[in-house]
Protein chains: 2
Amino acid sequence: MRRAVSIFGATGSIGQNTVDLLRRQGGAGAYDVKVLSGARNVALLAEQARELQADLVVTADETRLADLRAALQGSGIAAAAGAQALREAAEIPVDWAMSAIVGAAGLAPTLAMARAAKTLALANKESLVCAGELLQATCAENGCRLLPVDSEHSAIFQALQGGDGAISRILLTASGGPFRDWTREQMQGATLAQAVAHPNWDMGQRISIDSATMFNKALEVIEARQLFGDTRIEVIVHPQSIIHSMVEFADGAILAQLGAPDMRGAIGFALNWPERQDLPVERLDFAALSRLDFHAPDEGRFPALRLAKQVLAAGGLSGAVFNGAKEAALDRFIAGDIGFLDMAALVEKTLESLHVEASSASSLDGLAAVLDMDARAREIGMAWSA
Amino acid sequence: MRRAVSIFGATGSIGQNTVDLLRRQGGAGAYDVKVLSGARNVALLAEQARELQADLVVTADETRLADLRAALQGSGIAAAAGAQALREAAEIPVDWAMSAIVGAAGLAPTLAMARAAKTLALANKESLVCAGELLQATCAENGCRLLPVDSEHSAIFQALQGGDGAISRILLTASGGPFRDWTREQMQGATLAQAVAHPNWDMGQRISIDSATMFNKALEVIEARQLFGDTRIEVIVHPQSIIHSMVEFADGAILAQLGAPDMRGAIGFALNWPERQDLPVERLDFAALSRLDFHAPDEGRFPALRLAKQVLAAGGLSGAVFNGAKEAALDRFIAGDIGFLDMAALVEKTLESLHVEASSASSLDGLAAVLDMDARAREIGMAWSA
């Protein structure tokens, strides 16, 4: 019997790689594709849907529905658009769902997937950062297995597969991004093009900039806390991105997961778990690699890491504030409105402004409370001035 | 209830570390120590026995029995000596037995432990190299769980704990020993003192020399085949000995076990398995480590690695020939009778001499056949001249 699957965020970097793996593992012959969702790139979305013989295609952008319908002409594939349609599509029961929508926009569909999917492959880290308790509770109530797709969290999950839970420390590796060795002065003048040029990973624009600020790593620290509990989490800069993360156990032994920097590793692991299948990922050649480097992260140049610790300490909805402010900062940097280092200053100020309310709230109050906190953080972030 | 344990080879490097861990984990209050065995160092053996309140102490060296008895005076601890006493002591049922006798002398007691212990912690790699099939069959027949204590094989075992068995490759790390960067000409003139000075691990004399020739790694390649089946095994030189070994799975993902180069890591893992307990082992600091290096091994300067492949290809009792010849070579190098590089030449010649008989035999023919092949290899090795 074909496995029922859906991909939300199918046209992004994670989504395209997921489609690639489905194709290589038998495509429509092996998978009963229920839903593919995307945003503005409806041409690609329609092409994916035709190839995988999807039942339903949803674009988040209502202005693109007519073009999507036109692109699907004659295929018999249903099309829909908008946030409400997206949530409803995410409620369709499947064996496996990929949540790869970027940003807090993925929150509502991801919670819907947690109710409707047997296994939820989670690339949308914002769901855990903004509403970790709510998402975990929703998964638990509905018997949904949550599998992380971030390469770091997939690495930790893999290292813990045979473990007894006696973790003493999580070591989250970070490439350090394109500005790893830049001075603070150089970083202040960093352009959008420079921030987008990630040395190791081929990713979308927003996550690439988040790598340059290390906001991405900061989100991952919060994500790791939500996934793996109240354990010590350390960030270590490892420029080559070969060790994807590590777990230290009570006896001092460390298990690390390594691989080529290729998202298909983590996606394929989540797709095939608990089995492992051959993946189109380069095999490591240690003699050719020659060396792996490590150094401590510099919280002076990368304040996002320091802010992540504040968020963990504050708890409650601080993650939603952190992420909302970060998205506002990102929008403003991309728009050319603020400088590179201003992004962290904006987020820090927003966290201060909402500290009392955020730390006393909880995502278990419901999605509306989370989205409200997110909106307030964005508003403060958009109004911030240096 | 106290756990019944025995340690064979208690006064060697592995044995002393095992005693140290028993002491730290409650000593005689937590463990019902049945047997401690050693060889010439009966003073230490008696001291260990008194502290751990052992029932029986055995020295392999019959000439030391009187001294052992004297050292145990008034303790009420029984003493015995010789190979026969050692085998009988190894037949005493225990929950956990450590086999840490060095060399092929450990073969008979290890097989006895496999019949009498619920868990066999195996540091005596020669048992697997010379008689892997026989040892595995004996364990299987008697419901004995075999846990490797070599840091490399412990690492692989740990990496496989959560696995589904779809291994594509084992990457056995090697420090490269003290002569890692020496030329062949320098190695030809290497002295005993130089060969014993291992850069990372604090080990006994014989295994330190085996590290310098990489015969130790060659034995480990054969050991890995016996423990983990017919998988591709590659040796990669990693001077810092932080990554203790790695496993690559079908999907290209690699799980590695890392830790400080301290044998108590692997011993403690085997002692506490399937749980993990705090161990007196240094925790890794990656920023301080700064880098991990790798390069391909040079089979020209380290022919032992090439010979290991021949042994795997030939099968049968080739491992026994390999080990017996290696022990003869080691004896002769320690005695100042042959040069450093002569050791590999001697082993290669011996493997050639016994190739036909060894490859058509099997350790399942019984211990006598193994010991006979071992003796013949030693004889040829002792008679070899350059």
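Simple point charges give the picture: +1 on the Cβ of Lys and Arg, -1 on the Cβ of Asp and Glu, and for segment B:277-386 a dipole about the Cα centre of about 220 debye. Measuring from the axis that maps chain A onto chain B, the chain A residue with the nearest beta carbon and its rounded distance in angstrom come out as A:162, 1. Projected onto their three principal axes, the Cα atoms of the protein assembly as shown cover extents of 92, 55, 50 Å, largest first. Mean separation of Cα pairs under 8 Å and 6 or more residues apart, divided by the residue count, gives chain B a relative contact order of 14 percent.
For the protein assembly as shown, the list of Cys residues with no other Cys C-beta under 4.7 Å reads A:130, B:130. When the chymotrypsin sites (Phe, Trp or Tyr not before Pro) in segment B:187-246 are filtered for DSSP coil states and for at most 12 other beta-carbon atoms within 10 Å of their beta-carbon, no site remains. The share of accessible area on the protein assembly as shown that comes from carbon and sulfur is 49 percent, using a 1.4 angstrom probe.
A probe of 1.4 angstrom, applied to the heavy atoms of all protein chains, finds residue A:173 with accessible area near 10 square angstrom. Computed from the alpha carbon atoms alone, the convex hull of segment A:94-136 holds 53 Å³ per residue. Whole-percent P(r), segment A:149-227, all Cα pairs, 10 Å bins from 0: 17, 44, 25, 12, 2.
Shown here is the pair-distance distribution of segment A:3-148: with all Cα-Cα distances grouped in 5 Å bins from zero up to the longest one, the shares run 2, 11, 22, 25, 21, 12, 5, 2, 0 percent.
This model, with +1 at the C-beta of Lys and Arg and -1 at the C-beta of Asp and Glu, gives segment B:3-148 a dipole about its Cα centre of some 220 debye.
What you get for the protein assembly as shown, charging only the Cβ of Lys and Arg (+1) and of Asp and Glu (-1), is a dipole of about 220 debye around the Cα centre. Comparing A:103, A:15, A:177 in a Gaussian network model of chain A where C-alpha atoms under 10 Å apart are linked, the largest mean-square fluctuation is found at A:103. Of the residues B:36, B:25, B:14, the one whose Cα sits farthest toward the positive end of the charge dipole of segment B:3-148, with +1 on the Cβ of Lys and Arg and -1 on the Cβ of Asp and Glu, is B:25.
Between the residues A:272, A:358, A:307, the greatest Cα displacement towards the positive end of the dipole of segment A:243-386, with unit charges on the Cβ of Lys, Arg, Asp and Glu, is found for A:307. Among A:229, A:268, A:29, the residue with the largest mean-square fluctuation in a Gaussian network model of chain A, with springs joining Cα atoms closer than 10 Å, is A:229.
Can you compute the FRET efficiency between residue A:331 and residue B:277 using 1/(1 + (r/R0)^6), with r the Cβ-Cβ distance and R0 = 41 Å? Round to the nearest 0.05. Efficiency, from the Cβ-Cβ distance: 0.25. For residue A:28, the point set 7 Å out from Cα toward Cβ sits 7.8 nm from its twins in the other copies, listed from shortest up. Taken along its principal axes, the alpha carbon cloud of segment B:76-154 reaches lengths of 38, 25, 21 Å, longest axis first.
Is chain B rounded, prolate or oblate when judged by the Cα gyration tensor, a ≥ b ≥ c being the square roots of its eigenvalues, rounded requiring a/c under 1.5 and prolate requiring a/b larger than b/c? Here chain B falls in the rounded category.
Based on Cα contacts under 8 Å between residues 6+ apart, segment A:3-148 shows a relative contact order of 21 percent. Among the GluC sites (Glu not before Pro) found in segment A:263-346, those both in a DSSP coil and sparsely packed, with 14 or fewer other Cβ atoms within 10 Å of their Cβ, are A:275, A:282. Across A:198, A:355, A:295, the residue with the most accessible area heads the list, and the full order at a 1.4 Å probe is A:355, A:295, A:198. Quick check: from the Cα gyration tensor, does segment B:1-72 come out rounded (a/c under 1.5), prolate or oblate? Verdict is prolate for segment B:1-72.
Translational diffusion coefficient of segment A:307-386 (Stokes-Einstein, Kirkwood radius from Cα pairs, 37 °C, 0.692 mPa s): 269 µm²/s. Its Cα gyration tensor gives segment B:170-280 an equivalent ellipsoid. The semi-axes, each the square root of 5 times an eigenvalue, are 26, 19, 12 Å from largest down. Screening chain B for whole DSSP H helices of 18 Å or more along their axis (Cα) with average Kyte-Doolittle hydropathy at least 0.5 returns B:367-383. Ranked from shortest, the separations from the 7 Å Cα-to-Cβ label point of residue A:298 to its equivalents in the other copies are 3.8 nm. Measuring only protein heavy atoms, the 1.4 Å probe finds residue A:34 accessible over about 50 Å². Along the axis of the charge dipole computed for the protein assembly as shown (Cβ charges of +1 for Lys and Arg, -1 for Asp and Glu, origin at the Cα centre), the listed residues A:171, A:319, A:89 are led at the positive end by A:89.
For residue B:313, inter-copy separations between label points set 7 Å beyond Cα along the Cβ vector come to 6.3 nm, shortest first. For residue B:34, the lysines whose Cα falls under 30 Å of its own Cα, not counting residues fewer than eight places away in the same chain, are B:118, B:125. Over all distinct Cα-Cα pairs of segment A:242-386, the Kirkwood formula returns a hydrodynamic radius of 18.3 Å. Placing a label point 7 Å from the Cα of residue B:83 along the Cα-to-Cβ direction, the residues of segment B:328-361 whose backbone N falls under 17 Å from that point are B:328.
Residue B:285 contributes about 80 Å² of solvent-accessible surface, heavy atoms of the protein only, 1.4 Å probe.
The values are calculated or read from the model by the stated rules, or taken from the named source; none is laboratory data. These numbers were taken from a predicted model, which means no experiment stands behind them. Virtual Cβ from ideal backbone geometry, glycine too; neighbours counted across all protein chains shown. When the accessible area is computed, the model is the full protein with side chains, heavy atoms only, and any ligands, DNA or RNA have been set aside. Shrake-Rupley method; radii C 1.70, N 1.55, O 1.52, S 1.80 Å.
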